[in-house]
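Comments concern the structure below.
The values are calculated or read from the model by the stated rules, or taken from the named source; none is laboratory data. The structure presented is a predicted model; accordingly, all values stated were derived computationally and were not measured. Ideal geometry is used to build each Cβ from the backbone, glycine not excepted, and the neighbour counts take in all protein chains shown. When the accessible area is computed, the model is the full protein with side chains, heavy atoms only, and any ligands, DNA or RNA have been set aside. Shrake-Rupley method; radii C 1.70, N 1.55, O 1.52, S 1.80 Å.
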Amino acid sequence: YGRGIFTTLAVYRGKPFLWEKHWRRIAENAQKVSVNLSEISENSVKDSVFELISANKIETARVRITFYDESASKIWNFQTKRNTSVLITSDDLKKTEKNLHLTVSPFRVNSQSPLVNVKSCNYLENILALEQIKSRNFDEAVRLNERNEIVSAIMANLFWIKDEKIYTSPLETGCLAGTMREFLLENETIEEKIINIEELLNADEIFLTSSGFFIKSVEKIDGKSLKTT
């Protein structure tokens, strides 16, 4: 039924980037959706990530760590040998256009969902939203919530610059607490602000952040050109 969580972290110079932030989110997400990590230690997972990096001779890439629930439930009460399994895979960083072309996704984010701010294995809504805009030849899309507030992109956090000030949406809109988002908030002067699409279209610059590609500038939203750096 999709009970599971994952995180995708960047590998930079042969080491996992922002490991502590990723593991903290894993632990928080696991508690939210009742994925049992009692048999799995942070050190064992981290050691396995380093083994994968070494075996594949990775310098710069991305690694996905997925935790799958295997416990019995009241719906299917069968016997299991373990509560949770772990899968760790690696791949190159996402190949994206240098400057992205965005549209507005028709799929809204429910800011009151119990899965808000959880990177769960039930990511089908995001995948369908991405496929929908890719079929229209866009790279990514802005997602709004039920109150018409800017939330994020489909697979990334969204930032905008207006009058030389940097902004991003607060978590209350339903956006994911991305590790790159948190890193920038800690190291740059950034204000969390609730805005609508009209205000976003008046931004001087827009960029996306993700562990899969770090930072990417947005060149256009629905044909409107923006400044890129």
What is the extension gain from residue 19 to residue 193, computed as 0.36 nm multiplied by their sequence separation minus the C-alpha to C-alpha distance, in nm to one decimal? 59.9 nm
Find, among the GluC sites (Glu not before Pro) in the range 153-218, those assigned to loop by DSSP (not H, G, I, E, B) with at most 12 other beta-carbon atoms within 10 angstrom. 164, 188
Per-residue SASA entry for residue 47, accessible area with 1.4 Å probe, Å² rounded to 10: 90
Which listed residue (80, 169, 113) has the Cα farthest towards the positive end of the charge dipole for the chain, taking +1 on Lys and Arg C-beta and -1 on Asp and Glu C-beta about the Cα centre? 80
The range 108-139 and the range 30-75 have their Cα centres apart by a whole-number Å value of 22
Residue 54-residue 115 pseudo-label distance in nm [points 7 Å out on the Cα-to-Cβ vector]: 3.7
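Quick one: dipole size for the range 132-198, taken about the Cα centre, charges +1 on Lys/Arg Cβ and -1 on Asp/Glu Cβ, in debye to the nearest 20. It would help to have the intermediate numbers written out before the result.
On the way: 8 positive and 13 negative charges, 69 e Å.
It comes to approximately 320 debye.
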Relative to a virtual label point 7 Å from the Cα of residue 182 in the Cα→beta-carbon direction, which members of the range 23-46 show backbone nitrogen distances below 20 Å? 23-38, 40-46
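I need the helices of the chain that pass two filters: whole DSSP H segments spanning 18 Å or more by Cα along the axis, and mean Kyte-Doolittle score no lower than -1.0.
Numbers: long enough: 19-33 (21 Å, -1.57); 42-55 (20 Å, 0.07).
Span-like helices here: 42-55.
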Taking residue 216 as the anchor, which lysines have their alpha carbon closer than 18 Å to its alpha carbon, excluding any fewer than eight residues away along the same chain? 94, 95, 98, 134, 162, 165, 224, 227
How big is the accessible area of residue 60 in square angstrom, nearest 10, if you roll a 1.4 angstrom probe over the protein chains? 70
With every protein chain kept in place and a 1.4 Å probe, the residues 121, 175 fall, from largest accessible area down, as 121, 175
Overall Cα dimensions of the chain - principal axes, largest extent first, Å: 56, 42, 34
Using 7 Å Cα-to-Cβ label points, what is the residue 81/residue 172 separation (nm, one decimal)? 4.9
Taking every alpha carbon pair in the range 1-58 and sorting the distances into 10 angstrom bins from 0 up to the bin holding the longest one, the percent per bin comes out as 20, 51, 25, 4
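Test of understanding: what is the full-extension gain from residue 39 to residue 66, defined as 0.36 nm times their sequence separation minus their Cα-Cα distance?
Working: separation 27, 0.36 × 27 = 9.72 nm, distance 1.48 nm.
That pair, residue 39 and residue 66, stretches by 8.2 nm at full extension.
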Quarter of Cα convex hull surface for the range 127-229, i.e. mean projection, nm²: 6.4
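Looking at the P(r) of the range 1-115, how many percent of alpha-carbon pairs lie beyond 25 Å? Write out the running numbers ahead of the final one.
Values: 2512 of 6555 pairs.
Percent of Cα pairs beyond 25 Å in the range 1-115: 38.
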Evaluate the distance, in nm, between pseudo-label points positioned 7 Å from the Cα of residue 164 and of residue 214 along their respective Cα→Cβ axes. 2.6
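Using +1 on the beta carbon of Lys and Arg, -1 on that of Asp and Glu, and nothing else charged, what's the dipole of the chain about the Cα centre, debye to 20? Intermediate results must be reported in sequence, preceding the final value.
Working: 31 positive and 32 negative charges, 125 e Å.
So the dipole magnitude of the chain works out to roughly 600 debye.
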Net charge near residue 48 (other residues with Cβ under 13 Å of its Cβ; Lys, Arg +1; Asp, Glu -1) is -1
Based on C-alpha coordinates, I'd like the Rg and Dmax of the range 63-197, in Å. 17.5, 60
